[in-house]
Amino acid sequence: MSGNIQWFPGHMAKARVKIQEKLKFVDIIYEILDARLPISSRNPMLDKILQQKPRLLLINKSDLGDRVQLKKWCVSFKEQGYNSLIINAKFNTNVKKIISESKIVLKEKLKRDEARGLKSRAIRAMIIGIPNVGKSTLMNRLVGQKKAQVGNKPGVTKGQQWIRLNSDLELLDTPGILWPNFENEEVGKKLALTGAIKDQLLHADDVALFGLAFFVNHFPKRVMERYSLTESDLSLSTVDLLLLILQKRGFKDDYERASQMIIQEIRAGKLGPYTLDLLEEV
Ligand code: G4P
């Protein structure tokens, strides 16, 4: 639903201010990324917005992403100074590790607090990310049955609540929503293909052709199997290939419907797991 937000400049400014207001009350930010788009699902201004705030990258929807690529991305993020975890909020994989990983990210701060004799308190965290990356799903996963809210804390925007997950972690009850990158056409196609932005923002056939070309290049066998194609079919232009698939599926000349079908199938992982942002291409 949140994928349908229309991001006008005013909305972007408001979203930025909202997050910045809360930053001073949190110890760590959980930045949620989509496993299919470890770069393209990130907000373009995030470093500016978050400044030096400690951050843990949560690469969500691991069931849909390419394991090999994701491991490479984790290494790359580490080289850039960020800890990351590959998680699956929907099926609850690695979600439990978030608390222990947060302590690793905040190790220095926790040590400093202890040395200064400060009483240890729960880590305060906030989830942020672009629409549809799984912020609410993760929130629900983390909160689970623990509906006990800690109540308003001084200084936090009115109406905001902290949810105590255990004695070690408190979570702000509303995730921060940021806008995706609209500047680059290829990024736009990637976002549309995975459902991160509204379908109507781009032509379905452009998005479908982009997706089909990606799979022909990187996973030709999957395309052959899924659409009963031969190896020589794959040397057709992507447009002709789409037309051939259209015929095989009995869509006659309904190019629009064929495009939608390709998009839906790729989105749903019917052509297998994939990561569109390839580390070696960035
Ligand atoms: P948001 O708050 O960031 O906008 O995202 P939200 O949690 O609403 O999740 C967006 C969609 O992504 C939902 O699907 C949700 O189920 C799905 N999702 C979240 N985490 C994962 C994951 O780890 N793996 C997979 N495969 N999907 C995930 P939906 O189609 O909008 O809803 P539904 O069909 O699941 O009800």
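Since every read-out is calculated from the coordinates, none of them should be taken as a lab result. Source: prediction; values computed, not measured. Note: ideal-geometry Cβ built from the backbone for every residue, glycine included; neighbour counts use all protein chains shown.
The order of the peptides 33-40, 185-192 by mean Cβ neighbours within 10 Å, most packed first, is 33-40, 185-192. Of 179, 73, 7, the sequence from fewest to most neighbouring Cβ atoms within 10 angstrom is 7, 179, 73. Counting every other Cβ atom within 10 Å of each residue's Cβ, 68, 223 order from fewest to most as 68, 223.
Among the complete DSSP H segments of the chain, which ones combine at least 20 Å of alpha-carbon extent along their axis with a mean Kyte-Doolittle hydropathy of 1.0 or more? It would help to have the intermediate numbers written out before the result.
Working: long enough: 9-23 (21 Å, -0.69); 204-218 (21 Å, 1.05).
Helix filter hits for the chain: 204-218.
Based on DSSP H runs of at least 4 residues, each adding -39500 (n - 2.57), what is the mean residue ellipticity at 222 nm of the chain after dividing by all its residues, to the nearest 500 deg cm²/dmol? Please list the in-between numbers first.
Values: 11 runs with 117 residues, N = 282.
-12500 deg cm²/dmol, from helical runs alone.
Once you reduce the range 246-282 and the range 198-228 to the center of their Cα atoms, the two points are 4 Å from each other.
Taking Lys and Arg as +1 and Asp and Glu as -1, the other residues whose beta-carbon sits under 12 Å from that of residue 215 total +1. A Cα-only calculation for the chain places Rg and Dmax at 21.0, 74 Å.
In the range 203-267 the Cα-Cα distances spread across 10 Å bins starting at 0 as 23, 63, 13 percent of all pairs. When the convex hull of its Cα atoms is viewed from all sides, the range 47-97 shows a mean projected area of 4.1 nm².
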